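The values are calculated or read from the model by the stated rules, or taken from the named source; none is laboratory data. Every value quoted in this text rests on a predicted model; they were computed, and no experiment measured them. With ideal geometry, Cβ positions are generated from the backbone for all residues, glycine too; neighbour counts draw on all protein chains shown. Protein only, heavy atoms only, side chains kept; ligands, DNA and RNA dropped before computing areas. Shrake-Rupley method; radii C 1.70, N 1.55, O 1.52, S 1.80 Å.
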Amino acid sequence: MMSSRIAASAALFATVLGGELAHADETVYLDDRSGPTELVKSLYNAVSRQEYARAWDYFGETKPAADFSSFTSGYEGTRRVEVKIGNVASEGAAGSTFYYIPVAVISVAADGSQNVFAGCYTARSVNPQIQEPPFRPLHLEQGSLLPVDTLFDASVPAACPDAPVPEPENALLQQAKAAFAATHADCDTQMVPEGEEEPKSYTIPFRYRWDEDSDPMREARLVRFFCIAGAYNLKHIYYLQIDDEELRELHFATPDLDVRYVDDNSNEEVDSVSVAGFLADGQLVNSSFDEATLSITAHSLWRGMGDASSTGLWIFRNGAFSLVKYEVDASYDGQINPQTVVDYDTAP
């Protein structure tokens with residue numbers, strides 16, 4: 001039987017959803033169940049393209065309407081819908097992970113009138129390792145949207161009513177986990193090395209350059225997530241929050257190397273290594289944060305024996321991580337002989 005919450009929101013759901021763009025042929029196909037944010041975006045994408053069976057199937061056993069005919073008939077008169085998604089909360093229970101997804105939508109009718117709705121979806125992912133056929137992918141369990149008078153950009157709920165309330169000291173970590181899950185579905189969350197199951201969190205007391213010595217210390221929070229492992233390299237992603245500012249994902253300045261070899265057919269002897277410019281890298285390889293020196297070191301092995309590699313050092317100062325040193329060993333000669341291509345002041 002359909003729950004009262006689903007029944008109450010079914011008509012609204014049908015009225016609101018009309019597609020992110022005006023016509024199906026203008027919307028690029030998106031079918032992504034890798035995370036809760038991607039799932040909700042795929043739901044709206046399916047409706048945008050008038051692929052109602054696909055939209056219907058994103059829900060589990062509890063559907064958003066009494067039957068499929070009612071579900072599809074509710075879309076008449078809606079020309080376009082845009083969606084914004086807030087910070088997703090999650091909790092585990094009995095082999096499942098539940099996600100609480102705050103959303104706001106703005107619907108544009110065929111006559112040009114607009115309405116804003118806000119509410120939450122709940123999604124569920126059953127542990128794939130304990131399932132038997134038929135397999136149940138990540139799906140929506142329920143949704144509840146209500147009309148609001150606020151502007152669309154300010155209408156996303158801060159949290160869902162049923163979402164777990166994190167302990168104050170863990171609130172930032174929960175926020176970082178939600179951001180990571182929402183934006184890094186490409187990371188491998190199944191094959192996680194031992195010791196990398198939970199993100200690493202660090203507190204960094206500091207002052208800006210313009211702060212007085214008598215001013216209270218500021219606080220930065222650094223969070224490191226494991227992303228993916230290769231044969232001999234681990235890749236990490238970092239997030240940073242300073243005081244009460246917005247949490248942000250970090251990208252690190254990295255040299256764009258121009259490596260020339262003496263023999264074009266061999267990479268054993270290096271002729272020259274120069275820096276052609278700088279890139280912004282969102283993933284650091286074999287990285288670690290040193291709380292004593294307030295620095296992040298990354299060491300990327302170009303092959304397993306370690307004779308070719310690159311090593312970077314970023315120091316936290318004035319509220320940001322600055323690249324201060326970068327070494328490159330570009331010769332595949334069996335020897336460890338790096339050369340420095342970037343060398344700035346390393347004082348924090």
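Worth pointing out:
- Cα radius of gyration and Dmax for region 222-348 (Å): 15.7, 54
- Heavy-atom accessible surface of M305, to the nearest 10 Å², is about 120 Å², with a 1.4 Å probe and all protein chains retained.
- Straightening the chain between T293 and L151 buys 46.6 nm, computed as 0.36 nm per residue apart minus the Cα-Cα spacing.
- FRET efficiency for D215 and K84, using Cβ-Cβ distance with R0 set to 35 Å, rounded to 0.05: 0.45
- Rh by Kirkwood over Cα pairs, then Stokes-Einstein D for region 164-273 at 1.567 mPa s and 4 °C, µm²/s: 75
- Computed over region 265-342: relative contact order in percent, which uses C-alpha pairs under 8 Å that are six or more apart: 26
- For the chain, each Cys has a disulfide-compatible partner, with another Cys C-beta under 4.7 Å from its own.
- Put simply, the amide H of W302, placed in the peptide plane, has neighbours under 5 Å in A308, S309, S310, leaving out anything fewer than 5 places away on its chain.
- Heavy-atom accessible area, probed at 1.4 angstrom with all protein chains present, ranks V342, V148 as V148, V342, highest first.
- Shape index of region 109-173: Rg/Rh, with Rg the Cα radius of gyration and Rh the Kirkwood radius from the inverse mean 1/r over Cα pairs, equals 1.12.
- Using the Cβ of R303 as centre and a radius below 14 Å, the other residues enclosed give a net charge of -4, where K and R count +1 and D and E count -1.
- Convex hull of Cα atoms in region 291-348, direction-averaged projection (nm²): 4.3
- Taking all protein chains together and a 1.4 Å probe, the residues W314, W302, W56, W210 rank W210, W302, W56, W314 from largest to smallest accessible area.
- 5 Å binning of all Cα-Cα separations within region 140-189, expressed as whole percents from 0 upward: 4, 13, 17, 21, 20, 19, 5, 1, 0
- For E268, solvent-accessible area (1.4 Å; no DNA, RNA or ligand), Å²: 110
- A value for Rg/Rh (Cα atoms, Kirkwood Rh) was derived from the coordinates, and within the list (i) 1.25; (ii) 1.06; (iii) 0.98 it appears as (ii).
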